[in-house]
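What follows is a single structure, written as structure tokens, with notes after it.
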Amino acid sequence: MLSVRPKIAELVFQLYGRSLHPELFEIYETRTIKRGEYEATVQITSAGHLVAWKVGGILLTEVAAAAHHPLPKKRRLMSHRLRGHREDQLDCRGGIRYEMSFSLEPANPARFLAYQKELTLQATRRGMLHQFDASGRLDTGALSYVNVESRDKVFRVQAFHTFPDDCAVLKLQSTFRLPASLKS
């Protein structure tokens with residue numbers, strides 16, 4: 001089955017205060033982490049990634065997806081086009097804090113290929129990786145690499161998505177933070 005990533009210009013980052021139906025996405029890799037009071041599911045999808053983080057009655061779902069992807073508007077808490085650099089945060093009930101940042105970085109073809117090689121090497125040691133099929137002017141396909149750091153009160157996701165046709169790397173980091181003492 002051919003798996004090709006959408007163009008970078010078509011992507012958007014969104015955060016929801018609800019779950020998203022898995023059938024909305026083509027999922028390549030999945031990992032579930034349970035730690036302390038929370039549970040998180042991290043997935044690499046055809047357009048980027050999806051993270052569903054749950055503690056008590058709170059569920060936050062972040063997704064990097066194509067803008068034309070049929071995602072709901074109901075309970076969407078944050079939405080940003082994936083261009084340049086951006087930081088944002090959201091305070092939730094019970095003292096829970098969500099923080100995110102992303103940057104889209106262009107590279108020349110030689111640097112881009114070196115970066116792809118570095119990500120592949122990193123993924124052999126830890127994290128999740130999916131290699132997409134080549135679709136354009138470079139012989140290499142896009143990569144999605146996701147690494148998670150799980151602590152009792154902090155869950156951090158670092159995602160790297162490459163776009164060979166645009167010679168660009170999208171770097172995203174999100175942090176789900178519990179307060180010192182969780183209140184429901």
- Query: Using Cα atoms only, what is the angle between the long axis of helix 109-125 and the major principal axis of the chain, expressed in degrees (0 to 90) to the nearest 10?
  - Reply: 50 degrees
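Based solely on its DSSP helices, what 222 nm [θ] is calculated for the chain when runs of n ≥ 4 H residues each add -39,500 (n - 2.57) and the sum is averaged over all residues, nearest 500 deg cm²/dmol? Can you show the working numbers first?
Working: 1 runs with 17 residues, N = 184.
It comes out at -3000 deg cm²/dmol, rounded to the nearest 500.
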- Along region 12-24, Karplus-curve 3J(HN,Hα) (6.51, -1.76, 1.60; θ = phi - 60°) to the nearest Hz, with x for Gly and Pro, reads 9, 9, 9, 10, 10, x, 6, 7, 10, 5, x, 5, 6
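From the Cα trace of the chain, what convex hull volume per residue do you get, rounded to a whole Å³? The partial results should precede the final answer.
Details: hull volume 20.6 nm³, N = 184.
Convex hull of Cα atoms, per residue: 112 Å³.
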- Report the relative contact order of the chain, percent, no decimals, based on alpha-carbon pairs under 8 angstrom and at least 6 residues apart. 22 percent
- Query: Under a Cβ-Cβ cut-off of 10 Å, what is the net charge of the residues other than residue 176 that fall near it, where Lys and Arg count +1 and Asp and Glu count -1?
  - Reply: +3
- Query: Would you list 130, 69, 49, 85 from fewest to most Cβ contacts within 10 Å?
  - Reply: 85, 69, 130, 49
- In the chain, taking the dipole from +1 charges on Lys and Arg beta carbons and -1 charges on Asp and Glu beta carbons about the Cα centre, the listed residue (164, 24, 58) farthest towards the positive end is 58
- Task: Would you list which lysines come within 19 Å of residue 171, measuring only between C-alpha atoms, while excluding same-chain residues fewer than 8 positions from it?
- Result: 7, 117
- Task: Using Cα positions and a limit of under 24 Å, work out the lysines in reach of residue 74, with same-chain residues fewer than 8 apart set aside.
- Result: 54
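So between residue 18 and residue 74, what do we pick up on full extension, going 0.36 nm a residue minus the alpha carbon distance? Display every interim value, and only then the final one.
Details: separation 56, 0.36 × 56 = 20.16 nm, distance 0.87 nm.
Length gained, residue 18 through residue 74: 19.3 nm.
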- Query: By a straight-distance test (C-alpha under 16 Å), which aspartates and glutamates pair with residue 34 as possible cross-link partners, with residues fewer than eight away in the same chain excluded?
  - Reply: 149, 152
- Message: Based on alpha-carbon centroids, what's the gap between region 148-184 and region 69-131 in Å, whole number please?
- Response: 7 Å
- Task: Treat the count of other C-beta atoms within 10 Å as a stand-in for reagent exposure and order 115, 16 from fewest to most.
- Result: 115, 16
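Where a number appears in this text, it was derived from the coordinates with a stated rule and is not lab data. Just so we're clear, the structure is a prediction, and the values are computed from it rather than from any experiment. Please note: Cβ atoms are built from the backbone with ideal geometry, for glycine as well, and neighbour counts cover all protein chains shown.
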